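Chemist: Structure provided below as structure tokens; questions to follow.
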């Protein structure tokens, strides 16, 4: 593996804004595509060896799949809205169309079992609040512990208000044990302010020979791969609300996310005891 940071536009191809396959990533399981559709435009998606979760970022779409039509109403934007979404199995062909146009994420994982296509409503999404004070953030589970069945794909969104840290304390999930799962992870960023900027940090944990040492600015459309090692924090400077989409998959197929903190930062969690969650959260508007 070489580069783990990919600026917006650097992975475009085949009519996609972003097309990261496991092969292109240099690892075994996780992938992500993003697709922009103009009003009335369509895109044919062949999942091949991968299962996929189609997640509207803005706008809605209809999907012709397995002889039927699935409609996703979508959402206005990612910071304040949840969305309905569509699971597609491996060896599946779908035609995605949008009458009004929009942008869509297609999270993928190399799959063994072929499940059935299924539409899920936004009410299936589990919204939680994590951390406290300036470490407060809002995870939204689309395919993790919320009853959505996949072969090995895990998908989560995280909202971080300006001035806050998320993916903190730094943690890893690169070995299989009773307290950890081996999971490749993708971070796909959007900033709320046009031309907004945040920061992302990751570094080696000594579990793999390949070094990882990254501290970078991130802007809308940027992607970071986490092949192994500790990752965090993701930093949203004051006034710069941050969104990221996490796609995870690994050799296990148990649907479990377990991680361990960098021992130098385990004390951070104790600082949350008795502290309030940032009152700007949740950003998700109630329906």
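A short reminder: the numbers here are calculations on the coordinates, not readings from a lab. Every value quoted in this text rests on a predicted model; they were computed, and no experiment measured them. Glycine gets a Cβ as well: all are built from the backbone with ideal geometry, and neighbour counts include every protein chain shown.
Chemist: Considering only residues that are more than 16 Å from the chain's Cα centre (by Cα), crowded, with 19+ Cβ neighbours inside 10 Å and either free of Cβ contacts under 8 Å to residues at least 24 places away in the same chain or within 30 Å of residue 80 (Cα to Cα) (or both), which ones fall in segment 178-200?
Modeler: Listed by number, the residues that qualify are 192, 196, 198.
Chemist: Oh, and also: Can you tell which of 256, 247, 226, 212 is more than 28 Å from residue 11 (Cα to Cα) and either touching a helix residue (DSSP H, G or I) at 6+ places or on another chain (Cβ under 7 Å) or touching a residue at least 60 places away in the same chain (Cβ under 8 Å) (or both)?
Modeler: On the way: 247 fails: more than 28 Å from residue 11 (Cα to Cα); 226 fails: more than 28 Å from residue 11 (Cα to Cα); 212 fails: more than 28 Å from residue 11 (Cα to Cα).
Answer to the selection: 256.
Chemist: In addition: Quick check, is residue 150 more than 27 Å from residue 41 (Cα to Cα) and either outside any loop (DSSP other than H, G, I, E, B) or in contact with a strand residue (DSSP E or B) (Cβ under 9 Å, 6 or more places away or on another chain) (or both)?
Modeler: On the way: more than 27 Å from residue 41 (Cα to Cα): yes; either outside any loop (DSSP other than H, G, I, E, B) or in contact with a strand residue (DSSP E or B) (Cβ under 9 Å, 6 or more places away or on another chain) (or both): yes.
Yes; evaluated as a whole, the condition is true for this residue.
Chemist: Just the residues that are over 13 Å from residue 186 (Cα atoms) and touching a strand residue (DSSP E or B) at 6+ places or on another chain (Cβ under 7 Å), please, taken from segment 3-20.
Modeler: 11, 12, 13, 15, 16, 17
Chemist: Give all pairs with beta carbons closer than 8 Å in which a residue from segment 14-25 that is at negative phi and without any contact (Cβ under 8 Å) to a residue 60 or more places away in the chain meets a residue that is surrounded by fewer than 17 Cβ atoms within 10 Å (Cβ to Cβ) and part of a loop (DSSP other than H, G, I, E, B); count only pairs at least 6 apart in sequence or on separate chains.
Modeler: Pairs that qualify, where the first residue is at negative phi and without any contact (Cβ under 8 Å) to a residue 60 or more places away in the chain and the partner is surrounded by fewer than 17 Cβ atoms within 10 Å (Cβ to Cβ) and part of a loop (DSSP other than H, G, I, E, B), are 19/12.
Chemist: Still on this structure: Suppose the filter is touching a helix residue (DSSP H, G or I) at 6+ places or on another chain (Cβ under 7 Å) and either outside any loop (DSSP other than H, G, I, E, B) or surrounded by 14 or more Cβ atoms within 10 Å (Cβ to Cβ) (or both); does residue 48 pass it? First the steps, then the outcome.
Modeler: Details: touching a helix residue (DSSP H, G or I) at 6+ places or on another chain (Cβ under 7 Å): no; either outside any loop (DSSP other than H, G, I, E, B) or surrounded by 14 or more Cβ atoms within 10 Å (Cβ to Cβ) (or both): yes.
Criteria not met by residue 48.
Chemist: Of 135, 100, 105, which residue is closer than 22 Å to residue 78 by Cβ, touching a strand residue (DSSP E or B) at 6+ places or on another chain (Cβ under 9 Å) and surrounded by fewer than 16 Cβ atoms within 10 Å (Cβ to Cβ)? If you could, list the steps in order and put the result at the bottom.
Modeler: Details: 135 fails: surrounded by fewer than 16 Cβ atoms within 10 Å (Cβ to Cβ); 105 fails: surrounded by fewer than 16 Cβ atoms within 10 Å (Cβ to Cβ).
Result: 100 is the single residue among 135, 100, 105 that is closer than 22 Å to residue 78 by Cβ, touching a strand residue (DSSP E or B) at 6+ places or on another chain (Cβ under 9 Å) and surrounded by fewer than 16 Cβ atoms within 10 Å (Cβ to Cβ).
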